[in-house]
1. Using beta carbons and a limit of 6 Å, which pairs, at least six apart or on different chains, have the first residue in the stretch 290-319 and in contact (Cβ under 8 Å) with a residue 40 or more places away in the chain and the second one aromatic (Phe, Trp, Tyr)?
2. Would you check if there is a residue in the stretch 189-205 being closer than 19 Å to MET261 by Cβ, among the aliphatic types (A, V, I, L, M), crowded, with 20+ Cβ neighbours inside 10 Å and without any contact (Cβ under 8 Å) to a residue 40 or more places away in the chain?
3. Residues to consider are VAL259, VAL349; find the one that is assigned to a helix (DSSP H, G or I) and in contact (Cβ under 8 Å) with a residue 60 or more places away in the chain.
4. Quick one: TYR95 ticks every box in (1) at pLDDT below 95; (2) touching a Lys or Arg at 6+ places or on another chain (Cβ under 9 Å); (3) among the hydroxyl-bearing types (Ser, Thr, Tyr) bar one, so which box is it?
5. For the structure I just gave you, tell me whether ASN224 is in contact with an Asp or Glu (Cβ under 9 Å, 6 or more places away or on another chain) and farther than 18 Å from THR318 by Cα.
6. Identify, from the list ILE401, ILE386, ILE369, the residue that is of a type in the set (A, V, I, L, M, F, W, C) and in contact with a helix residue (DSSP H, G or I) (Cβ under 6 Å, 6 or more places away or on another chain).
7. For the stretch 360-403, name all the residues that are under 30 Å from CYS475 (Cα atoms), basic (Lys, Arg) and not in a helix (DSSP H, G or I).
8. Please work out which residue is farthest from ILE149 (Cα to Cα), limiting yourself to the stretch 358-382 and to residues that are basic (Lys, Arg) and modelled with pLDDT under 90.
Amino acid sequence: MLNRQVFNIIGLSWVLLGFSMILSSFWSVYYSENDLLPLLYSSFITIFFGALLYYLSKSKKNKELTARDGFSIVSIGWITMAVFSALPLYVSNFYFDNYSISYLDCYFESMSGLTTTGASILGANTAYIEDLSHGLLFWRSFTQFIGGIGIVLFTIAILPILGMGGVQLFRAEVAGPSVDKLTPRVKETAKYLCTIYFGLTVIQTVVLYIQGLMFNIEKLTLFNSICHSMTTISTAGFSTFNNSILGFESDIVSWTIIVFMLLGSINFSLHFLYIFKKSFQYFDDSEFKFYFFAIIFISFLTFINLSSIHGYTFKNLTASVFNTVTFMSTTGYTLYNYEAWPPLSQLFVFFMSFIGGMAGSTTGGIKLIRTILVVKYIKAEISRTIHPRGLYNVKIGKNVIDDDIIRGTLGFYLFYILIFFISALLISADGLDIISSLSIAASSIGNIGPGLGSIGPSGDWSFLSPFAKLLTTFCMLLGRLEIFSIIVIFSKSFWVK
């Protein structure tokens, strides 16, 4: 059974979410647009229900949170956060005549934001992105900013004030082969991670805004600089333009975003060591080395393949590197129409939908460390088959990986692929073609956004049936919370006291 503390923390999260909506209303005032009331109403509703749940579930004695509590808070928290995050877009229906969006579509957009997926229902069937007011555009980007660092990670920073421990929450949020806490205390860990996250966002905002002034890029305003910085460091992909990064029409902006997509997709532990410990250990990390060289290798092959038809130009180089980084980092920005590229380059797009960035970053997908571990395990098994009496340990760097972690990683890998195939089958049964079905399943569970077929660089997700939208939002949640954090709550043993 769920205890009172679970609901208490969830209620507090709603309150914080409600107050964060007020930030968007400042842009409404600045641009004198009609979205002020929808944002304030949504904020009031969210704060009211959050405060009500918080006080009704308040307890005099707070116990140490268990693993079960952690999974409950993470799962229920993300689902309900999306419910309230959808309100600004939905309530605005009653204040704007140029569009009408169903609550299901608003919930889809909200879940896509909080899970940093970047899939959008905004398009010809609903409303174009650039038809939205500045307040709603900011809120849309801010949901991805929240999702990038993790709602739970924000919450655990204040749990000591409430007399609660947050280790279980931290484990549920950053589940993986290993959880490398930066400091002994979770509160300190959260502080450092948030500092790095906010710092990178601020730096990118300043760089983009200065570039807009120096190179007279009209669309690179302070507003657009902030929005794109929030959705870049969170490796999320929402843009304030219908044609995404191509809207800036600037190579220097494209390369700047490439750099910051890379920074957001690298394990934040390595950033911590470099920034706070003055220790440059990036190339000492096996996962980083694999990630770095994989990006170079795929970018090179894409460039050669693309240039063999369209010529060896700087534009094609930019397109190749940008496309590789945006998919490897699961950001999901688009720059050029990669569906017009040769088949090999399109095949890279599909394969990159599964790889993901580094563990300990804001990326989605399987994560490279798991793939490395599986490959090393297969290599060890082949050696063991040839030499049965030999001792073959699976190592990451200098560390021998425990058999329990290997089994858990193999289980995750198989479960991930199984969910992908089942989702693709269900989506195809809903009437979509094979390429679109496979790409939609891979993109939603990998938290990417764009893909191939119907969800190509110029497409949106509004054409999906209500069933397909619910299915893909669930896949987004599975991918963002590492599958088992969600699946475990459906287990009968989870609810047995």
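1. From the stretch 290-319, the pairs are ILE298/PHE348; THR302/PHE348.
2. no
3. Answer to the check: VAL349.
4. (2)
5. It is false that ASN224 is in contact with an Asp or Glu (Cβ under 9 Å, 6 or more places away or on another chain) and farther than 18 Å from THR318 by Cα.
6. One residue alone meets the criteria, ILE369.
7. Correct list: LYS367 only.
8. Across the stretch 358-382, the extreme among qualifying residues is ARG370.
The values are calculated or read from the model by the stated rules, or taken from the named source; none is laboratory data. Every value quoted in this text rests on a predicted model; they were computed, and no experiment measured them. FYI the Cβ positions are ideal-geometry reconstructions off the backbone, even for glycines, and counts take in every protein chain you see.
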